[in-house]
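Each remark here refers to the structure printed beneath this line.
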Amino acid sequence: MNAIRIGAVLILLSIALQGQHTPTPASAISGTAGGIGGVSGSAGAAGSTGTGAVPGQTPVYRINLRVHIGHTTLPVADLRSLLEEINFIWWSQAGVCFEITSTKDDTMAPDGFDIRFVPDVPDPPGANGVYKGDHNIWSRDYPNLAPASHPVTHRAARTGAHELGHGLRLSHYNGYADSADSLMSSGTLGWHLRNFQIQEARTRAQQKAIPDTTPTNCGAPQVN
Ligand SMILES: [Zn+2]
């Protein structure tokens, strides 16, 4: 009950701040992991991002994402919260979110992206994740990732969000002082995006997006 009420307050706060493009101080929402119109992310991520209950950019580009869970060993509750964290990572920074549905079969979606969560990525063997095409994205259930100063909560959220970054045409960001905290570095728990990456990803996201860009939030992941 309480989380729902907090969520409602945050939605109003979000609407109120919309016109100002003013980031909500993290302190204003710390401790409120409840949904923000479906983008609840993680308390850890929300607490460290410095942005708040408003999207990082507008308009918000919403892209369909079909999640294949026929082989995952992740408990459904973890799956839901890691998918919300993927949305938080992309929405809070880049104004991109994924309208998520799940399936247990291998039928590919007609648009957007398809991602599979699996105990082990078959190709290349041992990989944490791989992007092979918009409808051929893989993430390990429990990837092995190096530390970051501002880590994600769910490891698979980092790998999923990273591979979707490749889907949005981003390349790796390795060898820089802030690489460990970067979403696009290889093999870390980081989730931050630099401004140039946000602009690049939004260019591709606009082409992939659902035509209606009125909503500023994404829906809660539909995981069954
Ligand atoms: Zn990569």
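What follows is calculated from the coordinates using simple rules that are stated; it is not laboratory data. This is a predicted model, so every value here is computed, not measured. Counting neighbours? That spans all protein chains shown, and the Cβs are built from the backbone with ideal geometry, glycine included.
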Could you list I198, I89, I100 so that the one with the fewest beta carbons within 10 Å of its beta carbon is first and the one with the most is last? I198, I100, I89
From fewest to most C-beta neighbours within 10 Å, the residues W191, W138, W91 line up as W138, W91, W191
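Ranked by Cβ crowding within 10 angstrom, fewest neighbours first, how are M184, M108 ordered?
M108, M184
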With label points set 7 Å from each Cα along the Cα-to-Cβ direction at R169 and N224, the distance between them in nm comes to 3.5 nm
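Determine the sum of side-chain charges near K132: Lys and Arg each +1, Asp and Glu each -1, restricted to other residues whose C-beta is under 10 angstrom from that of K132. Please report the intermediate quantities before stating the final value.
Values: positive: none; negative: D123, D134, E163.
Within the 10 Å Cβ shell, the charges total -3.
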Taking amide H positions as placed 1.01 Å from N in the peptide plane, with prolines and chain starts having none, which residues 5 or more places from T188, or on another chain, fall under 5 Å of its amide H? A146
Taking amide hydrogens as modeled 1.01 Å from N in the peptide plane, which residues meet the under 5 Å criterion relative to A53, leaving out close sequence neighbours? T24
FRET efficiency for V76 and D105, Cβ-Cβ distance as r, R0 = 25 Å, nearest 0.05? 0.90
Env charge @ L168, Cβ radius under 14 Å, K,R +1 / D,E -1, value +3
